[in-house]
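**Student:** Please find one structure pasted underneath; my questions will follow.
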Amino acid sequence: MTKKIPSLDDRYFELFARPVRACARYKPRFGTGNLAGLSVQEFQELYASDAFYNWIGLDSPLMYAAHKAAGGMTSIYRQIGIGCQWIFRQVLIDQLGLTEKQVSWSYDVPVPGGKARRLTLDGRIEFNDVANKAQRKKLEAWVASAQDRLLLDRTARRGVRGVVFEVRQGYKSMDSKRQNADISNASSAYAHHYVPALVLMSGQIDQVLVQRYSQSFWLLLKGTRSGSPLDSTYSFCRDVLGYDLAEFFQRNSKRFKHELESVLSTLLQP
């Protein structure tokens, strides 16, 4: 019997769905330190043994369901972000003929009195790694336009090697630690002669963040179907990389919705 070869859609769908499915196994820990989380029975035993919680009824299975849903929702957003990273990296590999090593980028940060800390971004395109001359010229032209958009001077443009990417499903968090880390990543990218691009799969980003990241010289690509390759993730994928990522998501929308509904149904049950 001939083995079925997965289509590109199937491969990309699995890259996205695999981390999301893991959310269905989420169990809250309730401050116990139990890495596997507690079952509803273990939760009830824990809370019933606490006189106050037992008196006021916090040992109810509905309370467990509320914790499970709240933590699970956080997990869903996180895992969707991971799925977005995996798909985007694979598109770079498939469309530009790159290897896993070539699309990976990390750098070391010195730690006073300790071992250097390694930081990693989600993707990279280095011009010299792109064998197809037409694709390389298109990427070089896109990066030059990005440098114009960012108002970079000659010093910042000198010796640019390519672009590095940080991929998110959306970005509404006001976590200053995360923002400061990203600003540091941008500085390091320029120090290594890369232009940094923040890639969002959705249009969800706070305008305060848009302003701060733009002022830190990040090129911001939002998850919109309209716009140019300099401000739209899907226009960039279609017009620069040569793959219509928006059409992929729309084409497989029913599959994605079914997968997510299944996970949500599991999370919302005690």
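**Student:** Can you find, within segment 97-150, the residue that is modelled with the highest pLDDT among those that are among the hydroxyl-bearing types (Ser, Thr, Tyr) and surrounded by fewer than 13 Cβ atoms within 10 Å (Cβ to Cβ)?
**Tutor:** So the first thing to find is which residues in segment 97-150 are among the hydroxyl-bearing types (Ser, Thr, Tyr), and the list is 99, 104, 106-107, 120, 145.
Filter once more, keeping what is surrounded by fewer than 13 Cβ atoms within 10 Å (Cβ to Cβ): 99, 106, 120.
On the way: THR99: 97, SER106: 93, THR120: 92.
Checked segment 97-150; the qualifying residue modelled with the highest pLDDT is THR99.
**Student:** Here is a further query. Keeping to segment 51-70, report how many residues are more than 36 Å from the chain's Cα centre (by Cα) and surrounded by fewer than 12 Cβ atoms within 10 Å (Cβ to Cβ).
**Tutor:** So the count comes out to 5.
**Student:** Hey, among the residues in segment 161-182 that are under 17 Å from TRP105 (Cβ atoms) and in a helix (DSSP H, G or I), which one's nearest to the chain's Cα centre (by Cα)?
**Tutor:** Filtering segment 161-182 for residues under 17 Å from TRP105 (Cβ atoms) gives 161-168, 181-182.
After this cut, where a residue has to be in a helix (DSSP H, G or I) as well, the list is 181-182.
Working: ALA181: 15, ASP182: 13 Å.
Of everything passing the filter in segment 161-182, ASP182 is nearest to the chain's Cα centre (by Cα).
**Student:** May I ask you to say which residue of PHE236, PHE248 is touching a strand residue (DSSP E or B) at 6+ places or on another chain (Cβ under 6 Å), in contact (Cβ under 8 Å) with a residue 40 or more places away in the chain and assigned to a helix (DSSP H, G or I)? Spell out how you get there, then give the answer.
**Tutor:** Working: PHE248 fails: touching a strand residue (DSSP E or B) at 6+ places or on another chain (Cβ under 6 Å).
Within the list PHE236, PHE248, the selection yields PHE236.
Yes/no per residue for (1) within 17 Å of SER232 (Cβ to Cβ); (2) without any contact (Cβ under 8 Å) to a residue 24 or more places away in the chain; (3) not β-branched (Val, Ile, Thr):
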| residue | (1), (2), (3) |
| --- | --- |
| ARG161 | no, no, yes |
| VAL164 | no, no, no |
| ASN180 | no, yes, yes |
| ALA191 | no, yes, yes |
| VAL195 | yes, no, no |
| VAL210 | yes, yes, no |
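**Student:** I'm checking my understanding of the structure. Among residues of segment 218-240 that are at pLDDT below 95 and over 22 Å from ARG89 (Cβ atoms), which one is surrounded by the most Cβ atoms within 10 Å (Cβ to Cβ)?
**Tutor:** GLY227
**Student:** With ILE87, ILE80, ILE93 as the choices, which residue is free of Cβ contacts under 8 Å to residues at least 60 places away in the same chain and assigned to a helix (DSSP H, G or I)? Reasoning before the result, please.
**Tutor:** On the way: ILE87 fails: free of Cβ contacts under 8 Å to residues at least 60 places away in the same chain; ILE80 fails: free of Cβ contacts under 8 Å to residues at least 60 places away in the same chain.
On inspection, the qualifying residue turns out to be ILE93.
**Student:** If I filter segment 193-208 for residues that are of a type in the set (S, T, N, Q), on the phi < 0 side of the Ramachandran plot and either surrounded by 18 or more Cβ atoms within 10 Å (Cβ to Cβ) or assigned to a loop (DSSP other than H, G, I, E, B) (or both), do I get at least one hit?
**Tutor:** Step one: list which residues in segment 193-208 are of a type in the set (S, T, N, Q), which gives 202, 204, 207.
If we keep only those that are on the phi < 0 side of the Ramachandran plot as well, we get 202, 204, 207.
Narrowing the set further to residues that are either surrounded by 18 or more Cβ atoms within 10 Å (Cβ to Cβ) or assigned to a loop (DSSP other than H, G, I, E, B) (or both) leaves 202, 204.
Yes.
**Student:** A further question on this structure: Scan segment 215-230 for residues that are under 17 Å from ASN185 (Cβ atoms) and over 19 Å from the mean Cα position of the chain (by Cα) and jot them down.
**Tutor:** Here is the first cut: in segment 215-230, the residues under 17 Å from ASN185 (Cβ atoms) are 215-221.
Answer for segment 215-230, where residues must be under 17 Å from ASN185 (Cβ atoms) and over 19 Å from the mean Cα position of the chain (by Cα): GLN215, SER216, PHE217.
**Student:** Identify all residues within segment 139-160 that are touching a strand residue (DSSP E or B) at 6+ places or on another chain (Cβ under 7 Å), part of a helix (DSSP H, G or I) and over 18 Å from VAL240 (Cα atoms); write none if there are none.
**Tutor:** Matches in segment 139-160: none.
**Student:** Within segment 111-138, how many residues turn out to be assigned to a loop (DSSP other than H, G, I, E, B), in contact with a strand residue (DSSP E or B) (Cβ under 8 Å, 6 or more places away or on another chain) and free of Cβ contacts under 8 Å to residues at least 40 places away in the same chain? First the steps, then the outcome.
**Tutor:** Here is the first cut: in segment 111-138, the residues assigned to a loop (DSSP other than H, G, I, E, B) are 111-116, 122, 130-132.
Cutting the leftovers down to in contact with a strand residue (DSSP E or B) (Cβ under 8 Å, 6 or more places away or on another chain) gives us 111, 116, 122.
Pick out the ones that are also free of Cβ contacts under 8 Å to residues at least 40 places away in the same chain and you get 111, 116.
Result for segment 111-138: 2.
**Student:** Under the condition of being of a type in the set (A, V, I, L, M) and modelled with pLDDT under 95, which residue from segment 241-270 is surrounded by the fewest Cβ atoms within 10 Å (Cβ to Cβ)? Break it down into steps so the answer makes sense when it comes.
**Tutor:** Pass one, segment 241-270, residues of a type in the set (A, V, I, L, M): 241, 245-246, 260, 263-264, 267-268.
Now narrow it down to the ones that are modelled with pLDDT under 95: 260, 263-264, 267-268.
Values: LEU260: 16, VAL263: 21, LEU264: 16, LEU267: 20, LEU268: 13.
Residue satisfying both the conditions and the ranking: LEU268.
The values are calculated or read from the model by the stated rules, or taken from the named source; none is laboratory data. This one's a predicted model, so the numbers in the text were calculated from it and none came from an experiment. In this analysis, Cβ positions are derived from the backbone assuming ideal geometry, glycine residues included, and neighbour counts consider all displayed protein chains.
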